[in-house]
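Single-structure report; data block below.
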Amino acid sequence: MVQIEGLGPTLAQHPFFAGMDPGALETVVGCCANAVYRPGSYIFREGGAADHFYLIRSGVMALEVHVPGREAVVIETLESGEIFGWSWLVSPYTWTNDARAADNLRLITIDGACLRRKMEADRVLGYELYKRFMPIMAKRLAANRMRIVELATEPATA
Amino acid sequence: MQSTSNAQAVVGEAGDLMPRLFRITQVKKEVPGVFTWRLAALDGTPFPFRPGQFNMVTMFGAGEVPVSISGDCRRPEELVHTIRAVGTVTNAMERLKTKSVVGIRGPFGRPWPIDQIVGSDVIFVTGTIGLAPLRPLIFEVLHRRNDFGKVVICYGSRGMDDILYVDDLARWRGRFDTNVHVTVHSAPSGYRGRVGSVAAAVRVARIDPALTQAFVCRSEVMTRPAVSALTERGVTTDRIWVTLERNMKCGVGLCGHCQFGPTFMCKDGPVYRYDQVEALFAKREI
């Protein structure tokens, strides 16, 4: 007999959601869906409405910056298990970069627009999500600062 | 007067302060601004060294600089140095052609510990030209592959045009018993490799922290993020080895130019076990 599971167990086992208030987790699970992107396709584009965030199940996502007059530049790649897309939490809720599938990418998409509305009424839900996103954003900010230091202190060869 | 070994060197007998003459047999442009010399001693004698050691390299009429040895220590008949042209002396060195003669003093410095780590998993963490001092150790570990567990190489560069020893990296990646992660800071759209920091590559490397010895060669400011990535994975600081740089003059622990806290980097380093120098990293102006 084939047993079909929802995304609840997958999310519950992910470190990002570890220890989440059960009611909040149930709300998040209700806003989830699977998605698949072929290599080269865009998950979102700069300036678009940031109404989701994403959990990578498998594959690689490339974060790109559009550079006028030349080819876009990949500035970071994220892999299986990573969360991306924090712009849904920060007004004006628009994407600041492009996100593109670098290979076959399987994601769980979480409806951020829906969660934003629910968070206004459910402060526990809001706290649980902000509490988890803040360390990720802080870590990425620190890592990018060190990349600036590296680029500034190590002579360019090209 | 009883002379010490240092006094003998000072009066100019063949020793640590007298360069040996070597001829450049090959010049290879690696990436822009970085070149590799292959050298042979004029007197034909081999140059034994251990991975992690360095030489003081003299370009007569220009000056002398410390340069890590980058070749295979099982081939002492050929001395290999990879040099980045960043200052007066190294920019002059970049203009030298094959058959030019240079002076070599060394080898100096404490080497990477290889016999002490037999049986361990090994991870190398480096970027840009930092691969040059690590390459002899990678060669030796792969020569003695059965003595070690997992072997992982994490290498980062600015972009795809800055990857040093790209042929070696490709060859190591092609081995079935070695994992190689190459990360660039930026890449053109469509690139399918990893983009980000080397520390990010360390975070996804498949290692067993309890069994792992880590070898880090980065600029001093970038050593701490690399070490943090390793300690986050559970590798303890007594299993992390770093190599550091200072302006060196004598190379034999006399002049004090390379002082690093209570140590002289030319003879107590350049390889250090991280837990023994961790406190010095937090001190400014050391």
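Does any residue of the stretch B:58-68 turn out to be in a loop (DSSP other than H, G, I, E, B), closer than 28 Å to A:Pro155 by Cα and under 15 Å from the mean Cα position of the chain (by Cα)?
For the stretch B:58-68, residues in a loop (DSSP other than H, G, I, E, B), closer than 28 Å to A:Pro155 by Cα and under 15 Å from the mean Cα position of the chain (by Cα): absent.
Take the residues in the stretch A:25-42 that are more than 14 Å from chain B (Cβ to nearest Cβ) and farther than 16 Å from A:Cys114 by Cβ; name whichever of them is surrounded by the fewest Cβ atoms within 10 Å (Cβ to Cβ).
A:Asn34
Hey, could you check the stretch B:237-253 for residues that are farther than 15 Å from B:Thr126 by Cβ and among the polar types (S, T, N, Q) and say which is surrounded by the fewest Cβ atoms within 10 Å (Cβ to Cβ)?
So, considering only residues that are farther than 15 Å from B:Thr126 by Cβ and among the polar types (S, T, N, Q), the one surrounded by the fewest Cβ atoms within 10 Å (Cβ to Cβ) is B:Asn247.
Could you name every one of the strands (runs of 3 or more DSSP E) located completely within the stretch A:48-158 that has at least 3 residues being within 14 Å of chain B (Cβ to nearest Cβ) and of a type in the set (Gly, Ala, Ser)?
So the answer is none; nothing clears 3.
Tell me, which residue of the stretch B:158-171 that is of a type outside the set (A, V, I, L, M, F, W, C) and either in contact (Cβ under 8 Å) with a residue 40 or more places away in the chain or not assigned by TED's automatic domain parsing to the domain that holds B:Phe215 (or both) is farthest from A:Arg147 (Cα to Cα)? Even if it seems obvious, please write down each step before you answer.
At the first step, the residues of the stretch B:158-171 found to be of a type outside the set (A, V, I, L, M, F, W, C) are B:158-159, B:161-162, B:165, B:167-168, B:171.
Within this subset, residues satisfying the condition of being either in contact (Cβ under 8 Å) with a residue 40 or more places away in the chain or not assigned by TED's automatic domain parsing to the domain that holds B:Phe215 (or both) are B:161-162, B:165.
On the way: B:Asp161: 18, B:Asp162: 15, B:Tyr165: 22 Å.
Here the residue is B:Tyr165.
Got at least one residue in the stretch B:209-219 being assigned to a helix (DSSP H, G or I) and either crowded, with 16+ Cβ neighbours inside 10 Å or under 20 Å from the mean Cα position of the chain (by Cα) (or both)?
yes
Hey, among B:Gly256, B:Gly234, which residue is away from chain A (no Cβ under 14 Å) and either crowded, with 21+ Cβ neighbours inside 10 Å or touching a residue at least 12 places away in the same chain (Cβ under 8 Å) (or both)?
The unique qualifying residue is B:Gly234.
Given the options B:Gly159, B:Gly196, name the one that is on the phi > 0 side of the Ramachandran plot and within 8 Å of another protein chain (Cβ to nearest Cβ).
Sole residue among the options that is on the phi > 0 side of the Ramachandran plot and within 8 Å of another protein chain (Cβ to nearest Cβ): B:Gly196.
Spot the failing condition for A:Cys114; the list is (1) buried (at least 20 other Cβ atoms within 10 Å of the Cβ); (2) within 14 Å of A:Cys31 (Cα to Cα), and only one is missed.
Condition (1) is where A:Cys114 drops out.
One line per residue, one yes/no per condition, for (1) acidic (Asp, Glu); (2) in contact (Cβ under 8 Å) with a residue 24 or more places away in the chain:
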position: A:Ile56; (1), (2): no, yes
position: A:Val60; (1), (2): no, yes
position: A:Leu63; (1), (2): no, yes
position: A:Glu79; (1), (2): yes, no
position: A:Trp86; (1), (2): no, yes
position: A:Trp95; (1), (2): no, yes
position: A:Gly112; (1), (2): no, yes
position: A:Leu115; (1), (2): no, yes
position: A:Arg123; (1), (2): no, no
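Do we find that B:Arg206 is more than 30 Å from A:His66 (Cβ to Cβ), exposed (fewer than 15 other Cβ atoms within 10 Å of the Cβ) and within 14 Å of chain A (Cβ to nearest Cβ) in this structure?
Spelling it out, B:Arg206 is indeed more than 30 Å from A:His66 (Cβ to Cβ), exposed (fewer than 15 other Cβ atoms within 10 Å of the Cβ) and within 14 Å of chain A (Cβ to nearest Cβ).
For the list (1) in a strand (DSSP E or B); (2) crowded, with 24+ Cβ neighbours inside 10 Å, I need the number of the one condition that B:Ala132 fails.
(1)
The values are calculated or read from the model by the stated rules, or taken from the named source; none is laboratory data. The shown structure was predicted, so the numbers you read here are calculated from the model rather than taken from an experiment. Don't worry about glycine lacking a Cβ; one is built from the backbone with ideal geometry, like all the others, and counts go over all protein chains shown.
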